[in-house]
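The structure appears right after this line, and notes come after that.
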Amino acid sequence: MKRILFIAILGLLACPTIASAQQSAKKYVKQGIERFSKGDIAGAIVEYNRALTIDPKLSDAYLNRGKAKRAAGDLDGAITDYEIVCELDPQLAMNNHDITEAYLNRGYIRSNRLDLDGALTDFDRAIALNPNDAEAYFKRGRAFLIEGNAKYAIADFDKSISLDDRNPLVYAERGFAHQTQGQSGEAQKDFERGLKLNNDLRLMLDLHLLDLQIQIKEMRRRQAAIQRNIAGLTLDSPTGAGSQRRAPAA
C-alpha cells in the first residue's frame, strides 16, 4: 500500500514537470517564429532545435523548422522534417501548402535532372497530401511525358485542367502529348486554347516546348544507352540472363 502511494505521489510530482517542459518547448517555437518573421532564419532554426531537445515529438517545431530550412535552401532537410510531421500529426500535414510546395520543388528539380523516378515519387507524395493541387498534376504529367508515357501524362494534364483551367502551359504540354500520339486535331485545339489564354506568351510557350523536347530527346538517349548495356550484359552472360533493371515506361 505504501509503495502504491509512493508511486502515485511521484506521478503527481512529475505531471507539473512535464507540463512545464512542454510549455518551454512551445515558447521556443514561438520565439523561432518571431525570429523567422524578422528574417533571422538561422536564429529561428536554433530556437526550433531547442524546442525539439525538450520535446522530440513536437510536430509544430518540425513543421516550422522545415519551413526555415527550406527558406535557407536546404530542401532535403526541410522534407526530412516534413516527413516527421506526417508521422506525428498526419492531419497537420494534409493540405499544408508549405509541405506540398517542398515536394513539388524537389520533384521539379529532380525532373530537370532527369531523375524521373525521384521526381515521380515527390509528385506522388505532393498529390497524396493535397489531391486538389493542379500544379502537382501538371508537373507529374510533364515527368510522365519526358519518361515517354504520354497516356499517363495526358491523364494528369486533364486532371490539372479540371482543377485550374487558366494555365496556358498545361494546354501547351497536353497539346504536345497529343501530338506525340498522332492526335493532331486535339493537339491543335490545345495549342489554340493556350494562346487564347494569353497570346503574349507565344514566345514563352515556344521556348517552353523547346526545352521539353530537349529533355525528352536526352531521356531517349539515356534509355537507348541503358538498353544497349542490357543487351551487352545478356550476350556476355554465360546463362544468357539479362539485367533485372526496370524497363523504361512505354
Checking R3 against (1) charged (D, E, K, R); (2) more than 23 Å from P90 (Cα to Cα); (3) at pLDDT 95 or above, the condition it does not meet:
(3)
Only one of these is surrounded by 12 or more Cβ atoms within 10 Å (Cβ to Cβ), within 18 Å of A153 (Cβ to Cβ) and touching a Gly at 6+ places or on another chain (Cβ under 9 Å): L233, L201, L205. Name it.
L205
Got a sec? Which helices (runs of 4 or more DSSP H) wholly within the range 139-202 have at least 1 residues that are of a type in the set (G, A, S) and more than 25 Å from the chain's Cα centre (by Cα)?
184-197
Some residue of the range 48-58 being within 24 Å of N130 (Cα to Cα), at pLDDT 95 or above, in a helix (DSSP H, G or I) and open to solvent by 90 Å² or more (accessible area, probe 1.4 Å)
no
Restricting attention to the range 175-183, does a residue exist that is touching an Asp or Glu at 6+ places or on another chain (Cβ under 8 Å) and either open to solvent by 100 Å² or more (accessible area, probe 1.4 Å) or more than 18 Å from L116 (Cβ to Cβ) (or both)?
yes
I need every pair where a residue in the range 76-90 that is in contact (Cβ under 8 Å) with a residue 12 or more places away in the chain and under 9 Å from G66 (Cβ atoms) has its Cβ under 9 Å from the Cβ of a residue that is of a type in the set (D, E) and in a helix (DSSP H, G or I), sequence separation at least 6 or different chains.
A78/D98; I79/D122; Y82/D98; V85/D60
Out of the residues in the range 217-228 meeting the condition of being more than 20 Å from N112 (Cβ to Cβ) and open to solvent by less than 100 Å² (accessible area, probe 1.4 Å), tell me which one is modelled with the lowest pLDDT.
Q227
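The values are calculated or read from the model by the stated rules, or taken from the named source; none is laboratory data. What you see is a predicted model; the values in this text were computed from it and never measured. Quick reminder, even Gly has a Cβ in these numbers, built from the backbone with ideal geometry, and neighbours come from all protein chains shown. Only protein heavy atoms, including side chains, enter the accessible area calculation; ligands, DNA and RNA are left aside. Shrake-Rupley method; radii C 1.70, N 1.55, O 1.52, S 1.80 Å.
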